[in-house]
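In what follows, a single structure is set out as structure tokens and then discussed.
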Amino acid sequence: MSIKTVLFILTNAGEIGPNKRATGYFFPEVAHPLEVFEHAGVAVEYASPLGGTPPEDGYDANDPAQLAFRNSLAIRRMARSRKLSEVDVLDYDAIFFPGGLGPMVDIAADPEVKRAIARAWDAGKIVSAVCHGPAAFLGVTLADGSPLLRGRKLTSFSNEEEANYAQADVPFLLEDALRAEGAHYSATDPWQSRVVVDGRLLTGQNPASGGPLAQAIVKAFNEVQP
């Protein structure tokens with residue numbers, strides 16, 4: 001059986017909002033999925049719009065998975081992430097967008113991100129994101145001219161969660177933006193795990209959903225739907 005490979009596409013944005021809040025990718029939203037993928041024998045590679053070392057946020061050394069990632073070869077490889085425009089997503093079985101507030105700055109509007117998602121989707125790949133990562137899906141148009149999000153079931157960081165976290169810093173509310181593009185959005189209680197699978201589109205609501213989302217991706221490798 002061939003080894004499956006997931007491309008993590010990470011933010012390069014290290015600050016957000018009028019108060020210049022420090023941000024980046026949210027550390028557990030890389031560490032927890034990576035732990036699942038490594039256990040399942042799934043390979044992981046890293047890209048970002050600009051390449052290089054993605055800024056981080058939310059590291060907790062008391063979390064064994066985060067501590068293991070901090071001391072891993074994987075984080076050394078991530079520090080040399082490839083520039084997304086130089087990566088062909090067709091070389092991977094799935095693409096995955098971790099959250100953190102950073103994606104709301106660059107990933108949400110980056111044209112290379114949009115092209116990568118459309119190319120992956122049109123080629124039958126798994127497309128996935130957690131927390132603020134689904135901001136990547138905004139404005140994605142597929143080869144047939146249809147919006148990726150129209151009629152699709154998904155989740156992301158909710159308005160209720162944002163109200164108690166970073167509403168003063170984010171440029172828009174992600175839940176509202178996803179709904180506005182025709183997505184069938186749903187969420188559970190704040191900070192509780194939720195994963196939504198709609199064919200090859202897999203999403204997780206918040207940091208607690210990162211590991212379960214990765215488990216759903218591993219499962220989906222064996223039962224991909226159109």
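The values are calculated or read from the model by the stated rules, or taken from the named source; none is laboratory data. Everything numeric in this text was worked out from a predicted model, so none of it was measured. Backbone-built Cβ (ideal geometry, glycine too); neighbour counts: all protein chains shown. Ligands, DNA and RNA are excluded from the accessible area calculation, which covers all protein heavy atoms including side chains. Shrake-Rupley method; radii C 1.70, N 1.55, O 1.52, S 1.80 Å.
The table below lists the values:
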{"quantity": "Amide H contacts of Gly24 (H built 1.01 Å from N, under 5 Å, at least 5 apart or other chain)", "calculated": "Leu101, Gly102"}
{"quantity": "Modelled FRET efficiency - R0 25 Å, Ala40 with Asp88, Cβ distances, 0.05 increments", "calculated": "0.60"}
{"quantity": "Surface accessible to a 1.4 Å probe, per residue, for the residues of the stretch 173-226, Å²", "calculated": "45 Å²"}
{"quantity": "Span per principal axis, largest first, for the Cα atoms of the stretch 103-226 (Å)", "calculated": "38, 29, 22"}
{"quantity": "R0 of 30 Å, Cβ-Cβ distance Arg119-Arg21: FRET efficiency to nearest 0.05", "calculated": "0.40"}
{"quantity": "Test item: Cα-centred dipole of the stretch 1-115, Lys/Arg +1 and Asp/Glu -1 on Cβ, debye", "calculated": "220 debye"}
{"quantity": "Carbon + sulfur, % of accessible area of the chain - ligands and nucleic acids excluded, 1.4 Å", "calculated": "48 percent"}
{"quantity": "Exposure ranking of Arg77, Arg115 by accessible area [1.4 Å probe, largest first]", "calculated": "Arg115, Arg77"}
{"quantity": "Gain upon complete extension [Ser186, Gln215; 0.36 nm per residue less C-alpha separation]", "calculated": "8.5 nm"}
{"quantity": "Relative contact order [Cα under 8 Å, 6+ residues apart], the stretch 122-172, whole percent", "calculated": "30 percent"}
{"quantity": "Dipole of the chain, positive direction: furthest Cα of Trp121, His132, Ala163, with charges on the beta-carbon", "calculated": "Trp121"}
{"quantity": "Extension gain (nm, one decimal) between Asp63 and Ala168, 0.36 nm per residue minus Cα-Cα", "calculated": "35.0 nm"}
{"quantity": "Cα-based convex hull, the chain, per residue volume (Å³, whole number)", "calculated": "111 Å³"}
{"quantity": "Rounded Å value of the spacing that divides the Cα centres of the stretch 170-195 and the stretch 142-163", "calculated": "7 Å"}
{"quantity": "For Gly100, net neighbour charge (Lys/Arg +1, Asp/Glu -1) across residues whose Cβ lies under 9 Å away", "calculated": "-3"}
